[in-house]
Amino acid sequence: RQARARDFGIERVVERLLTGDAHAALGQWEQAAEAYERLLSSYRVHWRDIDSWATLLPLAHERLGETYLALADTARAVQHLEAFAEMWRDADPELQPRVTAARDRAAQLAAGLGN
């Protein structure tokens with residue numbers, strides 16, 4: 001997979017999310033942020049990923065919020081938590097607690113920044 005990405009620029013978006021998750025689980029926050037940011041900035045999406053890319057974007061924002069908190073970059077964490085909450089504002093009722101938690105966390109952090 002790494003060779004394919006290196007040679008052809010193709011890295012499946014789900015692999016980008018999972019790579020970020022693996023780095024986060026290992027406490028490698030900078031590498032996790034890079035992987036999640038690659039998912040968000042993807043302009044060369046593999047044709048097999050067209051359907052899943054849009055559904056993974058909010059998850060990347062949610063994970064980036066937590067990742068930037070671990071990196072002590074509160075302003076970026078707030079941006080990503082707010083983006084996640086906005087994207088999922090109409091999510092199914094069972095997912096609304098995550099949306100509310102992200103929105104509340106972003107507001108709390110933003111208040112600490114003086115915004």
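The values are calculated or read from the model by the stated rules, or taken from the named source; none is laboratory data. As the structure is a prediction and not an experimental result, all values here were calculated from the model. Calculation scope for accessible area: heavy atoms of the full protein, side chains included, ligands and nucleic acids excluded. Shrake-Rupley method; radii C 1.70, N 1.55, O 1.52, S 1.80 Å.
Go through segment 1-43 and count every residue that is open to solvent by less than 90 Å² (accessible area, probe 1.4 Å), modelled with pLDDT under 90 and in a loop (DSSP other than H, G, I, E, B).
6
For the condition at pLDDT 95 or above, part of a helix (DSSP H, G or I) and open to solvent by 70 Å² or more (accessible area, probe 1.4 Å), what is the one hit in 62, 82?
Checking each option against the conditions leaves just 82.
Does residue 46 satisfy the criteria of being open to solvent by less than 50 Å² (accessible area, probe 1.4 Å) and modelled with pLDDT of 90 or more?
no
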